[in-house]
Amino acid sequence: MSNRDGVVEMNTKKLAAERAVEAIEDGMTVGLGTGSTAYYAIEKLGERVKEGLNIRAVATSKRSEEQARGLGISIVPFAEVGQIDITIDGADEVDRSLQLIKGGGGALLREKIVAARSDKMFVIVGEDKLVDTLGAFPLPVEIIPFAHEWTLDALKALQLNPELRMENGELYITDNGNYIADCRSISIPDPASLHAQLNAIPGVVENGLFVDMAHTVIVGREDGSIDTIIRSSLADSE
Ligand SMILES: O=C[C@H](O)[C@H](O)[C@H](O)COP(=O)(O)O
C-alpha cells in the first residue's frame, strides 16, 4: 500500500490477520471477530475455504456474519456449537500483560461471549495498539437504555468520564439494542479490578476490558515483521 508521496506503507493489520489464519485447520470451529483487522482475517479465511479448507464459524457481529457468508464460510447456529477452537479478533489496545480494550466498533458483548467459549483467543493488531497501560483509547461500556442516565451517574462516580456514543447525530445502538458509554481520559493500571467494578453496576451489560482472555497476540510491525506473543501464564503450561 502506498501513501500520497508514493512511500510504501505496511498494512500491519493485514500482516497480523493473515498470520493468525495460518493456525486454522480442517474441521475447526472458528470464532470470527469484528473490525477492520478481523475483516482481513475473514477475507483470508474465505480464500482458504475456496481452496478446500473445511471449517464452520460463528460471528461476533452482523457485519462479520454477512462478510463471511458472502465468502462462502459456513456460519452455524450457536446451539450447534459446543466449544470454539480458535477465535480471531482485533483489539483497540493491548497492554504488557496482554490485557485488552475492545469495543471500538461496538461489538464487545458478542465478542466477549464468543471469546469466553473459545479454547484460544488469537488477538490480531498492528504495533500501534501496544501500550504500557490501558486507557488512552476510550473504554467502551455497553449499558441498557432503561434509566441509562443513572448508569452514567454510576460511571461518573468512578471518575470514568462517560460519554454516550453517537453515530451520524443519533445515539449509537449496538447489535443487542443497547447504548455504549465511552469512558475517556482514564488510566487503567489494574484492569481486573475495574472490570469487576463496572460489571457490578446495575445497567451495565458488559465492558470492553478483556482480562486474561487473550491466548496469543499477533502483532504486525511497520518493518514487515510479525511477533507472536503467548500469554506468559499459558506459555508456561503448554
Ligand atoms: O468492537 C469492535 C472490536 O472490539 C474490534 O476488534 C476493535 O475495535 C478493533 O478494531 P479494529 O481492528 O478496526 O482496529
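The values are calculated or read from the model by the stated rules, or taken from the named source; none is laboratory data. Nothing here was measured: the structure is a model prediction, and the numbers come from that model. Please note: Cβ atoms are built from the backbone with ideal geometry, for glycine as well, and neighbour counts cover all protein chains shown. Side chains are part of the model used for accessible areas, which takes the heavy atoms of the whole protein and leaves out ligands, DNA and RNA. Shrake-Rupley method; radii C 1.70, N 1.55, O 1.52, S 1.80 Å.
Some notes on this structure:
- The requirement of being in a loop (DSSP other than H, G, I, E, B) and either surrounded by 17 or more Cβ atoms within 10 Å (Cβ to Cβ) or outside the structural domain of Gly126 (by TED's automatic domain parsing) (or both) is satisfied by Ile24.
- Here the condition is being farther than 22 Å from Ile226 by Cβ and within 13 Å of the ligand (Cβ to nearest atom); of Lys13, Lys50, Lys62, it holds for Lys62 alone.
- Single residue of region 180-212 satisfying the filter (among the polar types (S, T, N, Q) and surrounded by 14 or more Cβ atoms within 10 Å (Cβ to Cβ)) that is nearest to the chain's Cα centre (by Cα): Asn207
- Only one of Ala79, Ala68 that is open to solvent by less than 10 Å² (accessible area, probe 1.4 Å) and more than 12 Å from the ligand (Cβ to nearest atom): Ala68
- Taken residue by residue, region 89-98 has no member that is within 16 Å of the ligand (Cβ to nearest atom) and outside the structural domain of Ala20 (by TED's automatic domain parsing).
- Ala57 over 28 Å from Ser225 (Cα atoms), modelled with pLDDT of 95 or more and open to solvent by less than 60 Å² (accessible area, probe 1.4 Å): yes
- Any chance Asp95 is surrounded by fewer than 21 Cβ atoms within 10 Å (Cβ to Cβ), modelled with pLDDT of 95 or more and either hydroxyl-bearing (Ser, Thr, Tyr) or within 20 Å of the chain's Cα centre (by Cα) (or both): yes
- Test set (1) within 16 Å of the ligand (Cβ to nearest atom); (2) closer than 29 Å to Ala192 by Cα; (3) open to solvent by less than 60 Å² (accessible area, probe 1.4 Å) - Tyr39 fails condition number: (3)
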